[in-house]
Protein chains: 2
Amino acid sequence: MTKNDEYVIDRVDVPVSWTNYLGVEDLGAVVNHTAGGYLFYKSPEHHRITRFRPNGVPMDRPGHYLYLRDEETGESWSVSWQPCGGPREHYRCRHGLSYSVYECTRNGLKAAQTLFIPRGENVELWELRLENASGRPRALSVWSYAEFSYHQISIDNQNFQMSLYCAGSRYEDGIIDYELFYERAHQFMAASFTPGGFDCLRDSFLGPYRTESNPLAVERGKCSGSFEKGGNHCAVLQKKLALAPGETARLTWMLGEGGLEEGRRVRERYRDPAAADRALEDLAQYWDEKLSKLQASTPDPDMNTMLNVWNLYQSEVNVLFSRFASFIEVGGRTGLGYRDTAQDSMTIPHSNPDKCRERILQLLQGLTSSGYGLHLFDPAWFGPPAEKPAFKSPTVIPTPDKASIVHGLDDACADDALWLVATVAEYVRETGELDFFHRTVGYADGGMGTVYEHLKKILDFSAEQVGAHGICKGLRADWNDCLNLGGGESAMVSFLHVWALGALHRRGPGPGPGGGRGTLRGHAPERRRPL
Amino acid sequence: MTKNDEYVIDRVDVPVSWTNYLGVEDLGAVVNHTAGGYLFYKSPEHHRITRFRPNGVPMDRPGHYLYLRDEETGESWSVSWQPCGGPREHYRCRHGLSYSVYECTRNGLKAAQTLFIPRGENVELWELRLENASGRPRALSVWSYAEFSYHQISIDNQNFQMSLYCAGSRYEDGIIDYELFYERAHQFMAASFTPGGFDCLRDSFLGPYRTESNPLAVERGKCSGSFEKGGNHCAVLQKKLALAPGETARLTWMLGEGGLEEGRRVRERYRDPAAADRALEDLAQYWDEKLSKLQASTPDPDMNTMLNVWNLYQSEVNVLFSRFASFIEVGGRTGLGYRDTAQDSMTIPHSNPDKCRERILQLLQGLTSSGYGLHLFDPAWFGPPAEKPAFKSPTVIPTPDKASIVHGLDDACADDALWLVATVAEYVRETGELDFFHRTVGYADGGMGTVYEHLKKILDFSAEQVGAHGICKGLRADWNDCLNLGGGESAMVSFLHVWALGALHRRGPGPGPGGGRGTLRGHAPERRRPL
């Protein structure tokens, strides 16, 4: 397979963030080219772990940072270019498949910070490799820094009587324990070393009227050992070390979901750097297996890279977390966008058929019996009643009932459900599960129907919702949500309608990449069956 | 009346913000001791005008800032201590009644920035007074800076595909015009002078990877004349001026609701500093009149200051904007908190009986027929149906219907409605409107009843909702929302119950401040009538 599986940024002061996704299970992170970003458990709206300030200056802070300090000169910098900025002899960000690396050389000291989330664990590892390439002995201090978030992101952004009074921190046995009293939920930061200092309070570490660019604790070389019930909390564990010329060192910080006990367990597991190396290798195998399902070879190497690595990577991650966890939608929503999810799912029937089918069924449940989809919805609305609410709100929030969840035609986007038709067709072509069409699924507004009947309603809806020229109406929006046509017709939707009809009724694989000059290899072609 | 009607902060690096409220009608602002804060029109949730980054470092940025630059030395600073920080010969913040002043002396240049919102206008005036006390001629540049917000605050915080694509700016005739395409809404910044430069784009003014502490345009002494469809926008109008020794100058910036035409009108009106002076004097008269309604004299001058100025000021502002517009609740909610509004309204029947009655009626409508209040609610839910939605959302947001708005006993706070009993009693005692008890009002969950019947239901509810010891149950919370008792009894609520019973059934003014050593003066005592 292609080896172009890292996105490398050498010029770091780009005008907007380049982000990567970490985690392929319950714990997820979005991080940019300067280690800015946030961590969440299952839901970026209801269980945010690290804080992120949307639309800040400088952009996209804070993040998961490591600070270095030369103990002889007092000079300090961050391994990632932000938050300290400034010149480096070398700086490079490498976004890989579920990991990101920040490489920095300054004053003859080589540092590389690798962030990733091992499979089967709810912890983000911060792997630091240091090398003294300066030719003289060096005395150093290193600090981790991340700011903890209140779990409910709307409260974290807007309601400080809750967020500042219901959160607390303490330090025990080398581990930072962050607690949200209200939920009896904990997060931890542990380390592979015995910390030489710690801070649990953001304002103690940064100092008054300072920012992440110039923390007081880093400037003076020592933490204050702060912790408190209430306030703003952070994860700072300090390590002092000396490096002889040419000497290397490895340090690991572990930022995870759970309390002290979980912190101790995780620390035991990843104390040895070899364990982290194995976890990173395991992630590589996970992606290798997915990507190997379908590899295309075209005359254009850039096209190959997009087809064989990045498109699938992007889609797999989107299907997992939905596009609501990003730097564009900063995790303020729970659930699925109809259009987005249908589009993303369309691309993964060969690499993740189970997840593809799950999302298709959720979208079918989010379809009204009139044939339009709910533009934004939470699949939990249509699942079995939960024994307890998935997320406990510390304040009174009206719970919308189903009657108000099912929006009317006024809020329907003309294209949303049409994408699903092609998605289902792709899924059945890939898996051969012709019976899938006969499966019975509910409608969002009540009643049941087979999958085939659902799709027929979608196609009939578009056939009926046409304007004066026989072209599909734009309805609330026709794909470009921001346009909000508010009337008129959309040629784009009519084209999409025809395409969806063809996708469903085409009897063979039809014209596809195999018909061009390129070739496909992998399992996919063999498993394709005509409808 | 007392002259202690300014809260003066000399030591500026306080650990948390001290805020003031500007505006007594539709336009409101919350600003702190360093000019950080935000401006909104009617609703801080749905019509935010200037952006605010909650929980940032340094805290409570951005704001409504003025930068100064010595054109000879290139040195620059802000009139308010933040965002530039640094030492001053003199710095003082004065929070007055609906105005705030930031005084700064640096390098022999005296500057004072006054922020206020004239009555009858939807514009915030930024009045700058300069005096060259350095004994030598000075060449200066001055810049305004505020960052525009997307109107919908949840989108501004979380959904950048909307906020960055649906906002635009331009500059014409010396006025900055900020437009939200989606709503066809505009804001403007105009000035009393012909600008020597402008910037409408935040990132052009601040420069890449900089903050409000060190804008690139200020550093180099000139704006870039930026504007754009899309992006992040700001209000920067530059003025270059020379001051002879001892010379003074006055400059006014005007930040308001409306487009270019409104900007031109406002500029004409406030171009002459005397007009601003009159508007400020008018505000002083507005507050004088309110405060003069009731003035207490106790042996404790600090008590007098609280009773005669700050308690009423705080309450009047809270009744106007609700506590949801603050730095603790950063405007993420629309409507009223039941307890807060009842408490605040209790204190203003003498100074603002119309607003007091309006809030009481809204709270009565937010009462369920079971006798508990809706903890958080929007009075618009129970008013006449709006011809068009008050605020247009650019994305699909489920509209809760009444059935889901009326929360159950699980979300009822034991104390909420009890406060209202005393509030109504205070209102009737103050105004003598005994008929008010017979007025018919709806319940949140349907049905009608007189005001007296509403109050009776509140008292009966508490009499019935008692625990094993005959003490009132705590229910969801008993006043301290953050505790969320989740069972148990609350002596506090039983005390409150007894107090509410007494407040309603007491036949005369009863024991009050007049019974102590102090005296009351003003109109209030004359207008009191026994029930």
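The values are calculated or read from the model by the stated rules, or taken from the named source; none is laboratory data. Note that the structure is a prediction, hence the values are computed from the model and not measured. For neighbour counting, all protein chains shown are included, and Cβ atoms are generated from backbone atoms with ideal geometry for every residue, glycine included. The area values use the complete protein model at the heavy-atom level, side chains included, leaving out ligands, DNA and RNA. Shrake-Rupley method; radii C 1.70, N 1.55, O 1.52, S 1.80 Å.
Restricting to the range B:169-186, count the residues that are within 14 Å of another protein chain (Cβ to nearest Cβ) and either part of a loop (DSSP other than H, G, I, E, B) or farther than 15 Å from B:K229 by Cβ (or both).
The number of residues fulfilling the criteria is 4.
Does the range A:329-339 hold any residues that are away from every other protein chain (no Cβ under 11 Å) and either open to solvent by less than 10 Å² (accessible area, probe 1.4 Å) or closer than 16 Å to A:V317 by Cβ (or both), and which are they?
A:L336
Among the residues of the range A:64-89, which ones are modelled with pLDDT of 95 or more and either open to solvent by 10 Å² or more (accessible area, probe 1.4 Å) or polar (S, T, N, Q) (or both)?
Once the filter is applied, which keeps residues that are modelled with pLDDT of 95 or more and either open to solvent by 10 Å² or more (accessible area, probe 1.4 Å) or polar (S, T, N, Q) (or both), the range A:64-89 yields A:R69, A:E71, A:E72, A:T73, A:G74, A:E75, A:S76, A:S78, A:S80, A:W81, A:Q82, A:C84.
Quick one: A:T211 ticks every box in (1) within 9 Å of chain B (Cβ to nearest Cβ); (2) assigned to a loop (DSSP other than H, G, I, E, B); (3) crowded, with 22+ Cβ neighbours inside 10 Å except a single one, so which number is it?
Among (1) within 9 Å of chain B (Cβ to nearest Cβ); (2) assigned to a loop (DSSP other than H, G, I, E, B); (3) crowded, with 22+ Cβ neighbours inside 10 Å, A:T211 violates only (3).
Can you tell which of A:G442, A:G447 is open to solvent by 10 Å² or more (accessible area, probe 1.4 Å), touching a Ser or Thr at 6+ places or on another chain (Cβ under 7 Å), under 23 Å from A:I405 (Cβ atoms) and among the small types (G, A, S)?
Testing whether each residue is open to solvent by 10 Å² or more (accessible area, probe 1.4 Å), touching a Ser or Thr at 6+ places or on another chain (Cβ under 7 Å), under 23 Å from A:I405 (Cβ atoms) and among the small types (G, A, S) leaves just A:G447.
Only one of these is outside any strand (DSSP E or B), hydroxyl-bearing (S, T, Y) and more than 14 Å from chain A (Cβ to nearest Cβ): B:S154, B:S134, B:S141. Name it.
B:S134
Scan (1) over 25 Å from the mean Cα position of the chain (by Cα); (2) surrounded by 21 or more Cβ atoms within 10 Å (Cβ to Cβ); (3) among the acidic types (D, E) for the single condition A:D156 breaks and write down its number.
Going through the list (1) over 25 Å from the mean Cα position of the chain (by Cα); (2) surrounded by 21 or more Cβ atoms within 10 Å (Cβ to Cβ); (3) among the acidic types (D, E), A:D156 breaks only (1).
Which residue out of B:P245, B:P273 is over 28 Å from B:T50 (Cβ atoms), surrounded by fewer than 18 Cβ atoms within 10 Å (Cβ to Cβ) and over 18 Å from the mean Cα position of the chain (by Cα)?
Residue meeting the stated conditions: B:P245.
Within the range A:187-207, does at least one residue satisfy the condition of being over 29 Å from the mean Cα position of the chain (by Cα), closer than 25 Å to B:E212 by Cα, hydroxyl-bearing (S, T, Y) and within 13 Å of another protein chain (Cβ to nearest Cβ)?
Scanning the range A:187-207 turns up at least one residue that is over 29 Å from the mean Cα position of the chain (by Cα), closer than 25 Å to B:E212 by Cα, hydroxyl-bearing (S, T, Y) and within 13 Å of another protein chain (Cβ to nearest Cβ).
Within the range A:161-168, is even one residue of a type outside the set (A, V, I, L, M), without any contact (Cβ under 8 Å) to a residue 60 or more places away in the chain and either within 13 Å of another protein chain (Cβ to nearest Cβ) or in contact with a Pro (Cβ under 6 Å, 6 or more places away or on another chain) (or both)?
yes
Identify, by number, the condition in (1) in contact (Cβ under 8 Å) with a residue 40 or more places away in the chain; (2) within 14 Å of another protein chain (Cβ to nearest Cβ); (3) not in a strand (DSSP E or B) that B:L280 doesn't meet.
Going through (1) in contact (Cβ under 8 Å) with a residue 40 or more places away in the chain; (2) within 14 Å of another protein chain (Cβ to nearest Cβ); (3) not in a strand (DSSP E or B) one by one, B:L280 breaks only (2).
(1) within 29 Å of the chain's Cα centre (by Cα); (2) within 12 Å of chain A (Cβ to nearest Cβ); (3) open to solvent by less than 10 Å² (accessible area, probe 1.4 Å): which one isn't true of B:Q238, the others all being true?
Only one criterion in (1) within 29 Å of the chain's Cα centre (by Cα); (2) within 12 Å of chain A (Cβ to nearest Cβ); (3) open to solvent by less than 10 Å² (accessible area, probe 1.4 Å) is unmet by B:Q238, namely (2).
For the range A:345-378, what are the residues that are open to solvent by less than 10 Å² (accessible area, probe 1.4 Å) and charged (D, E, K, R)?
None - no residue of the range A:345-378 is open to solvent by less than 10 Å² (accessible area, probe 1.4 Å) and charged (D, E, K, R), so the list stays empty.
When the range A:42-69 is examined, which residues are found to be small (G, A, S) and more than 8 Å from chain B (Cβ to nearest Cβ)?
Scanning the range A:42-69 gives A:S43, A:G63.
Checking the structure you have, find out if any residue of the range B:32-47 is under 28 Å from A:P215 (Cα atoms), open to solvent by 10 Å² or more (accessible area, probe 1.4 Å) and of a type in the set (S, T, Y).
No: the range B:32-47 contains no residue that is under 28 Å from A:P215 (Cα atoms), open to solvent by 10 Å² or more (accessible area, probe 1.4 Å) and of a type in the set (S, T, Y).
Would you be able to tell me the number of residues in the range A:433-462 that are among the charged types (D, E, K, R) and within 21 Å of A:L409 (Cβ to Cβ)?
Number of matching residues: 5.
Filter the range A:231-285 for residues that are among the aromatic types (F, W, Y) and under 21 Å from A:P215 (Cα atoms) and give the result.
A:W253
Being away from chain A (no Cβ under 14 Å), within 15 Å of B:Y372 (Cβ to Cβ) and open to solvent by 20 Å² or more (accessible area, probe 1.4 Å) is the filter here; which residues of the range B:462-477 pass it?
Within the range B:462-477, B:A463, B:E464, B:Q465, B:V466, B:K473 qualify.
Please determine, by comparing only the residues of the range B:219-229 that are more than 14 Å from every other protein chain (Cβ to nearest Cβ) and of a type outside the set (D, E), which one is surrounded by the most Cβ atoms within 10 Å (Cβ to Cβ).
The qualifying residue surrounded by the most Cβ atoms within 10 Å (Cβ to Cβ) is B:C223.
Checking B:R267 against (1) open to solvent by less than 20 Å² (accessible area, probe 1.4 Å); (2) modelled with pLDDT of 95 or more, which single condition isn't satisfied?
If we test B:R267 against (1) open to solvent by less than 20 Å² (accessible area, probe 1.4 Å); (2) modelled with pLDDT of 95 or more, just (1) comes out false.
Among the residues in the range A:369-385, are any at pLDDT 65 or above, aromatic (F, W, Y) and in a loop (DSSP other than H, G, I, E, B)?
yes
Answer yes or no as to whether B:D302 is within 24 Å of the chain's Cα centre (by Cα) and open to solvent by 20 Å² or more (accessible area, probe 1.4 Å).
So B:D302 does not fit the description; no.
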